[in-house]
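Working notes, beginning with the structure itself.
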Amino acid sequence: MMACCIVARLVNSVIKAINASGIKVTLWSDSTVALWWIKEYGDWSVFVANRVKEIRYLTGCYSWRQVPGNMNITDLLSHGCTLQRMLNSKWWEGPSWF
């Protein structure tokens with residue numbers, strides 16, 4: 001949830017900074033739970049409800065999509081890896097389907 005909130009803040013700041021309010025934006029997360037919270041309505045804890053409210057406000061017209069965990073190359077760093085493995089990874093290119 002916090003990663004989605006940080007991405008929403010970052011994207012909003014960049015779009016304002018470059019004055020590009022009319023561009024199409026797609027945001028990605030591998031968290032199906034966070035995406036469900038963003039897209040659905042429910043009775044959540046105050047923390048989740050506040051993050052969801054902010055995310056929806058900042059990314060109202062943007063599209064949120066799910067990237068399967070096994071295709072999420074950013075997980076490489078968060079799960080730990082050697083320098084050699086990172087240098088040989090697709091980290092520098094992005095996913096093939098993107």
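The values are calculated or read from the model by the stated rules, or taken from the named source; none is laboratory data. Not measured: the values here are computed from a predicted model. Ideal geometry is used to build each Cβ from the backbone, glycine not excepted, and the neighbour counts take in all protein chains shown. The protein model used for the area step is the full one, side chains on, heavy atoms only, and it has no ligands, DNA or RNA in it. Shrake-Rupley method; radii C 1.70, N 1.55, O 1.52, S 1.80 Å.
Residues in the range 26-55 that are surrounded by 15 or more Cβ atoms within 10 Å (Cβ to Cβ) and assigned to a loop (DSSP other than H, G, I, E, B): 30, 31. Selection over the range 2-22 of residues that are touching a residue at least 24 places away in the same chain (Cβ under 8 Å) and under 11 Å from the mean Cα position of the chain (by Cα) gives a count of 7.
If we keep just the residues of the range 23-54 that are out of contact with any helix residue (DSSP H, G or I) (no Cβ under 8 Å at 6 or more places or on another chain) and hydroxyl-bearing (Ser, Thr, Tyr), which is modelled with the highest pLDDT? Looking at the filtered set, the residue picked out is 45.
Any chance the range 13-22 includes a residue that's modelled with pLDDT of 85 or more and touching a strand residue (DSSP E or B) at 6+ places or on another chain (Cβ under 8 Å)? Within the range 13-22, none of the residues are modelled with pLDDT of 85 or more and touching a strand residue (DSSP E or B) at 6+ places or on another chain (Cβ under 8 Å). Residues that are among the hydroxyl-bearing types (Ser, Thr, Tyr) and outside the structural domain of residue 93 (by the TED database) do occur in the range 8-20, at least one of them. Residues that are closer than 15 Å to residue 1 by Cα, open to solvent by 50 Å² or more (accessible area, probe 1.4 Å), of a type outside the set (Lys, Arg) and free of Cβ contacts under 8 Å to residues at least 60 places away in the same chain do occur in the range 56-79.
Might you let me know whether the range 61-68 holds any residue that is modelled with pLDDT under 80, outside any loop (DSSP other than H, G, I, E, B) and either of a type in the set (Lys, Arg) or out of contact with any Pro (no Cβ under 9 Å at 6 or more places or on another chain) (or both)? Checked against the condition, which is being modelled with pLDDT under 80, outside any loop (DSSP other than H, G, I, E, B) and either of a type in the set (Lys, Arg) or out of contact with any Pro (no Cβ under 9 Å at 6 or more places or on another chain) (or both), the range 61-68 yields no hits at all. Among the residues of the range 1-19, those that are open to solvent by 40 Å² or more (accessible area, probe 1.4 Å) and under 13 Å from residue 62 (Cα atoms) comprise 7, 9.
Any residue at all in the range 84-91 that's open to solvent by less than 80 Å² (accessible area, probe 1.4 Å) and outside any helix (DSSP H, G or I)? Yes, some residue in the range 84-91 is open to solvent by less than 80 Å² (accessible area, probe 1.4 Å) and outside any helix (DSSP H, G or I). When the range 20-51 is filtered for residues that are aromatic (Phe, Trp, Tyr) and under 17 Å from residue 62 (Cβ atoms), the ones remaining, listed by number, are 28, 36, 37.
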